[in-house]
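The values are calculated or read from the model by the stated rules, or taken from the named source; none is laboratory data. The model shown is predicted, which means the values in this text are computed figures rather than measured ones. In this analysis, Cβ positions are derived from the backbone assuming ideal geometry, glycine residues included, and neighbour counts consider all displayed protein chains.
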Amino acid sequence: MTVLRVLFVLVGLALSGAASAQVDDEAIRATIARFADSKNFRETEEIVRDLAATGDVRVERPLSALSDGNLSFRKSDRQVFIAPERGQTATLFDPLTGEAAGEAPKGDFTKVKVNNSLRRTIRDVISGLTLASPDPVVRLAAARTMFIAPDAANLEALDAAIAAETVTSVKISLEAARASTILVSDAPDAAKFDAIALLGQRGDRETLSLLTGFAARSQGDLQAAAQRAIDTIGKSLALWDIGQNIWYGISLGSVLLLAAIGLAITFGVMGVINMAHGEMVMIGAYTTFVVQSVIRSSFPGLFDWSLTIALPLAFLVAGAVGLALERGVIRFLYGRPLETLLATWGVSLILQQAVRTIFGPTNQEVGNPSWMSGGFQIGQLALTWNRLWIVVFALAVFGLLLYIFKRTAWGLQMRAVTANRRMASSMGIRTPWVDAFTFALGSGIAGIAGVALSQIDNVSPNLGQGYIIDSFMVVVFGGVGNLWGTLVGAFSLGIVNKFLEPYAGAVLGKILVLVLIILFIQKRPRGLFALKGRSVEA
Amino acid sequence: MITQRLFTGGSNRRVLVTALVLAAVAVLVPVLHLALPPSSPFHVPAYMVALVGKYLTYALLALALDLVWGYCGILSLGHGAFFALGGYAMGMYLMRQIGDRGVYGNPILPDFMVFLNWKELPWFWYGFDQFWFAAIMIVLAPGALAFVFGWFAFRSRVTGVYLSIITQALTYALLLAFFRNDMGFGGNNGLTDFKDILGFNVQAPETRAGLFAASALALALALLITSAITRSKYGMLMVAVRDAESRTRFIGWRPENIKVFAFTISAVMAGIAGALYVPQVGIINPGEFAPANSIEVVVWTAVGGRGTLVGPIIGALLVNGGKSWFTGILPEYWLFALGGLFIAVTLFLPKGIIGTWDSWRASRRDAAERARTKAEEDAAPPPVDPATGRPVRVEETPRAPSPGLSGGPAPQPAE
Amino acid sequence: MRGMIATLAKRVSGAALAGLMMAGAATAQEDTIKVGILHSLSGTMAISETTLKDVMLMLVEQQNAKGGLLGKKLEAVVVDPASDWPLFAEKARELISVNGVSAVFGCWTSVSRKSVLPVFEELNSILFYPVQYEGEESQRNVFYTGAAPNQQAIPAVDYLMNEEGVERWVLAGTDYVYPRTTNKILEAYLESKGVAAEDIMINYTPFGHSDWQTIVSDIKTFGSAGKKTAVVSTINGDANVPFYKELGNQGVKAEDIPVVAFSVGEEELAGLDTAPLVGHLTAWNYFQSVDTPENAEFIAAWKEFTKNPDRVTNDPMEAHYIGFNMWVKAVEKAGTTDSDAVIDAMIGVSVPNLTGGYSAMMPNHHITKPVLIGEIQADGQMETVWETTGLVVGDEWSDYLPDSKDLIADWRAPMSCGNFNVATGKCGGKGVN
């Protein structure tokens, strides 16, 4: 959206130079000045419509500013400016030409109030103004707006635009917009049948919404035709929904995998019932928060890199806490895993309260970098960038861990110590340090999971508590001591959960999954992928 | 061998003494509360009666956990579920006793059903207007759940960590289920606003004192019963299952039956604890199912010393007393104190307070005995003194895996 | 052996008793008036309640700077009920009977309030409850300074219906009593306005729900039926951040499907980037952005007190501000902190609120408030887009629920009843009928 707005402004700039003043500047300025006297949203809306009625492309600038909440007037002389605020000051721009007009304290200005219906109106009138824009992206946006919010008055403009359009993708959108406009106009039935046929091929949710609305208004054959189109779209959407559900399941699974994979090492491989695992995740998330705060205050340009910077730091911080925990507490408790449960439970209480004391009990803001915001569509499959990246990231972490375990000397030592400590020790492996670093590795992985989870969840002292039980379920379901088990466990629990949710509801779905896990453990007491060998006995 | 001797001799006497103390408390505290005027220095204020009464039910819960964990090696991370089920059974009885004194004055339906537009009482609420029925359910609901759950889990030979985690899953699932308002148990708010129990006003000092006495007596009774169980043949078998399940099976016993027995008895005890808890605190809600609560019970037991019967009682009283105290005087920092306590206990008192006390006495007696032997036979080796900085290691190294779960990087003896 | 154990037991219980006695003795001086603060400082609710503890400390400090109350200094007693509901009851009892506080300001969740109610009733003390709640309650010892459903939910729905032309409704909430009751009331209200049952979708999620993909996509599907759709959210606290993040990422824009929330305030929004949420709505009785001198002074004092220029204020804080000032005024009026006298003096007390008017305590122990509808701004603040012309009286017994529509509460002398049935003329609900 922001990109589009920047484009609007650029286009506006280009045009304002080129366009001969079709309308008297003064008239437009006088209309804009009325914003300062508007008493309520209805009056503001009238002014917006008056501005749009001038047909001058330049009014797009003040209208966009109004929609973004950047249009203000000076309290002293009621002059209207575009005045985006930063801190305590507002930077002033001329509302029509966009020329900079200096800076002023923001207290001197009053914002022109805007609400949702006003924003909708602005969006619609801007689309009318920009339909003939030279930039295809702007035209596409205008066509989409007209498609979603059709207005019979736009029909002629659309016909003209279609005739003049050269870019195929824009033309398709314009035709769809025309079809949806015909449905709300008083065009002859034949044209409406054509429109329904054209829309029927699209098969997306907006079309469904348009047609449903149309079917409710119309009668006879038209309604029947619309209903047939609705049914067709409904059927294809039902198929897409299955795909969508699988995606949601994969996405939930990747979150579970991230949360559990560190535990798969500390608990699964080392046998430490690490109740402080969730707090390692939390530490990672807070590291992200600290990194972002520093970047925000000192290097705002690097914001998109904040996660990349936070990843190694989170690994190090959580890893260091893990190392300290292992050296300070857990190493005295090997062979008594139960006691690790109690001690790490105490550690988790302390870490939570420490974070609460340092950062305060409230949520901290962790922003999404631009490459993790928003979403896109594949067919009717809606994917969001942050979920997609988290899936990719979870798999990458998994792959990396697998590599460390199977292909490096350290991994070999870890496996050796797990399989038979005394034998490993006799072979010259320094088992205490292998323990310490294995634990640090598990904690560090939890830390980088925290970086990812900070993108979709609260960053609060309670962050870890929300994941600890799910993580244990995943590890136990997958089979203790087996990374592949954790992977399969996480994704199957995620997908099962998402398929149950639409039928059973979120709460019952979760209960059913838990019951399934309990039953499953009866069937396979050692989880999905049971480790063979003596190390699992007793 | 030495521990064995201590267990049979010392612990039995200790159990008796504790039971007697509890019985005395059950009589004394209500008397001091009711008979003496508030100005008297020996007057026990209502606040203390309510508080200690609550702790006693917690102690009963910890004792129940000790039976399965300390003696049978089953670490249940879901004992809070049985406690809460007993509590709900009692709460349902108390709700029905409100009758038409609820805010809407509906003689049958509890208030929460009225304002959510329920038209009739769900079937599972039938019968709870009778105390005898509620009393049966207090025993039956947790007992049956434990029996069914244990029957399947132990027959499938789910052990160790897996068992702990699925008990946690059990209580978590129940937590989510009881949160649902559609279940008909009052959702998140649970059951509250009780008026009468057996015709007595729950807020009256006499009722409070009576409930206190009942809790103390129930705890004393439970202590004697568990002590009897642990000293019976079944108790020996439990310990055998705990220490070497496969060997017990090879000898010809059925460990799963023993485990189901212990688990069910323990769940029933937990349910009774919950039933006594509810009228004293005046509310039962799904929060009691929270896995964190069950873990806390484990902590009490560990602090007091598992496998000692009296230990868990002392642990529950101490930890909860500390919690009440710290949340009042150090509201911002008490979690540090509590967390620190758990770490310190596991590191420095791995057998809990009672366990450590026992080993310390045992080692003293050993040392004395050996000194005597040494005096007689000059060639004997010098006695080891384990009561130094880390008695943990000294005591643990030569022993087989400790009770409860094991696994992990330590070498495992083949069974 | 026996002797030793007995000694140990004695020592242990002695120590515990001594500790508790000490806590009692240390605070048993009579030259101050004590105010109890019963808000969770740890556990899941700490996120919301810690702020309220801070604001109470600030108010007490300010009152002391003004010379205290009845010539005595006020003393705040803070305890931590740790988001543990039975612990709330225990701590309330401790505050009242051990510390001897004159009034308690506290609780957030309904269940914590329900848990302490019997204690306040038994020990006859006073509780100020600052959070918007489901109503269906009026207790002699409790003063409800938060909003009842008619002071928040119903005006918000009216706004959406009239200003945005919404015809299709998603009622999404966390599965506990406040959303359940509010949604029951809204459902009845919407039906009374002619909304068909198939145009209402109700959805409940567990506490702390973090995976909103399916539900947001369901909302999108529900919204594509050709009618203007809005979401009325009673989603609680923590679960909101992932919910709004998912909304933003799945591209649900306020212009298309606005979400109006009753549990999302400045404090919750401080935890997320609000740029994608601009235009979504909230309904409260106070916003930090309200431009009045009282509010400016309050915000400045708050930032100074917390020594943090980024701290935000929110609605429950204003409720405590109102409740505390009402209590001060009632104590001055009664000339004593004695519960009965203060409870009687409270009714009719009127103090300035932060939105430029006066809030008064009504005989039903609820207060009058303006209702503001705000749109979320890019800076995490709300901007008022609509407000009621006058003050709205909190309606404890909803008129839209069949069993409570005949009930009223009036704690003034002749009636003195929290659930008087106007149909049967009896106190105590329906009575036996």
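Structure summary
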| item | result |
| --- | --- |
| Helices (runs of 4 or more DSSP H) contained in the range B:79-172 and holding at least 1 residues at pLDDT 90 or above | B:79-98, B:131-155 |
| The lone exception for residue C:286 - which of (1) away from every other protein chain (no Cβ under 11 Å); (2) modelled with pLDDT under 85 it fails | (2) |
| Among the candidates C:396, C:387, residue that is under 19 Å from residue C:361 (Cβ atoms), in contact with a strand residue (DSSP E or B) (Cβ under 6 Å, 6 or more places away or on another chain) and among the acidic types (Asp, Glu) | C:396 |
| Selection within the range C:163-190 - aliphatic (A, V, I, L, M) and more than 10 Å from every other protein chain (Cβ to nearest Cβ) | C:166, C:170, C:171, C:172, C:186, C:190 |
| Test: residue in the range B:272-283 that is over 30 Å from residue B:233 (Cβ atoms), away from chain A (no Cβ under 12 Å) and touching a Leu at 6+ places or on another chain (Cβ under 6 Å) | yes |
| Residue A:316 vs. criteria more than 10 Å from chain B (Cβ to nearest Cβ), more than 28 Å from residue B:333 (Cα to Cα) and assigned to a helix (DSSP H, G or I) | no |
| Strands (runs of 3 or more DSSP E) within the range C:350-433 that include 2 or more residues among the hydroxyl-bearing types (Ser, Thr, Tyr) and under 30 Å from residue C:331 (Cα atoms) | C:358-360 |
| Members of the range C:169-178 that are under 17 Å from the mean Cα position of the chain (by Cα) and modelled with pLDDT of 90 or more | C:173 |
| Test: residue A:141 is surrounded by fewer than 19 Cβ atoms within 10 Å (Cβ to Cβ) and outside the structural domain of residue A:85 (by TED's automatic domain parsing) | no |
| Residue among A:401, A:349 that alone is of a type in the set (A, V, I, L, M, F, W, C) and either over 29 Å from the mean Cα position of the chain (by Cα) or assigned to a loop (DSSP other than H, G, I, E, B) (or both) | A:349 |
| Residue C:80 of a type outside the set (Ser, Thr, Tyr), in contact with a Ser or Thr (Cβ under 9 Å, 6 or more places away or on another chain) and touching a residue at least 40 places away in the same chain (Cβ under 8 Å) | yes |
| Every residue from the range C:184-202 that is free of Cβ contacts under 8 Å to residues at least 24 places away in the same chain and surrounded by fewer than 13 Cβ atoms within 10 Å (Cβ to Cβ) | C:194, C:196, C:197, C:198 |
| Residue satisfying condition, being within 14 Å of chain C (Cβ to nearest Cβ) and surrounded by fewer than 17 Cβ atoms within 10 Å (Cβ to Cβ), within set A:371, A:389 | A:371 |
| Residue count, the range A:74-109 (criterion: β-branched (Val, Ile, Thr), under 22 Å from residue C:385 (Cβ atoms) and touching a residue at least 40 places away in the same chain (Cβ under 8 Å)) | 1 |
| Residues satisfying the stated conditions in the range C:166-205, i.e. in contact with a Ser or Thr (Cβ under 7 Å, 6 or more places away or on another chain) and of a type in the set (Asp, Glu) | C:175 |
| Strands (runs of 3 or more DSSP E) contained entirely in the range C:82-160, each with at least 3 residues that are in contact with a Leu (Cβ under 6 Å, 6 or more places away or on another chain) | none |
| Complete set of residues in the range C:143-183 that are free of Cβ contacts under 8 Å to residues at least 40 places away in the same chain and closer than 20 Å to residue C:201 by Cβ | C:154, C:158, C:161, C:175 |
| Total residues in the range C:314-348, condition part of a loop (DSSP other than H, G, I, E, B) and at pLDDT 95 or above | 0 |
| Residue under evaluation residue C:329, criteria (1) more than 23 Å from residue C:394 (Cα to Cα); (2) without any contact (Cβ under 8 Å) to a residue 24 or more places away in the chain, criterion not met | (1) |
| Listing of strands (runs of 3 or more DSSP E) fully contained in the range C:191-265 that carry 1 or more residues being over 18 Å from residue C:276 (Cβ atoms) and facing another protein chain (nearest Cβ under 7 Å) | C:200-205 |
| Filter result for the condition that a residue is in contact with an Asp or Glu (Cβ under 9 Å, 6 or more places away or on another chain), away from chain C (no Cβ under 14 Å) and in a helix (DSSP H, G or I), over A:418, A:357, A:438, A:340 | A:438 |
| Pairs where the first residue, in the range C:40-51, is on the phi > 0 side of the Ramachandran plot and the second is not in a helix (DSSP H, G or I), C-beta under 9 Å, 6+ apart | C:43/A:462; C:43/C:80; C:43/C:81; C:43/C:82; C:43/C:83; C:43/C:84 |
| Count - residues of the range C:73-105 that are on the phi > 0 side of the Ramachandran plot and either more than 9 Å from every other protein chain (Cβ to nearest Cβ) or among the hydrophobic types (A, V, I, L, M, F, W, C) (or both) | 2 |
| Selected residue [of a type in the set (Gly, Ala, Ser), more than 24 Å from residue A:270 (Cα to Cα) and within 30 Å of the chain's Cα centre (by Cα)] from A:464, A:509 | A:509 |
| Tally, over the range A:178-225, of residues that are among the basic types (Lys, Arg) and within 29 Å of the chain's Cα centre (by Cα) | 2 |
| Some residue of the range B:181-196 being more than 10 Å from chain C (Cβ to nearest Cβ), outside any helix (DSSP H, G or I) and free of Cβ contacts under 8 Å to residues at least 12 places away in the same chain | no |
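One line per residue, one yes/no per condition, for (1) closer than 30 Å to residue B:95 by Cα; (2) under 19 Å from the mean Cα position of the chain (by Cα); (3) away from chain A (no Cβ under 14 Å):
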position: B:295; (1), (2), (3): yes, yes, no
position: B:300; (1), (2), (3): no, yes, no
position: B:347; (1), (2), (3): no, no, no
position: B:357; (1), (2), (3): no, no, yes
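Residue-wise test of (1) buried (at least 21 other Cβ atoms within 10 Å of the Cβ); (2) more than 25 Å from residue C:263 (Cβ to Cβ); (3) in contact with a Lys or Arg (Cβ under 8 Å, 6 or more places away or on another chain); (4) within 14 Å of chain B (Cβ to nearest Cβ).
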site	(1), (2), (3), (4)
C:364	yes, no, no, yes
C:384	no, no, no, no
C:391	no, no, yes, no
C:396	yes, no, no, yes
C:399	no, no, yes, yes
C:405	no, yes, no, yes
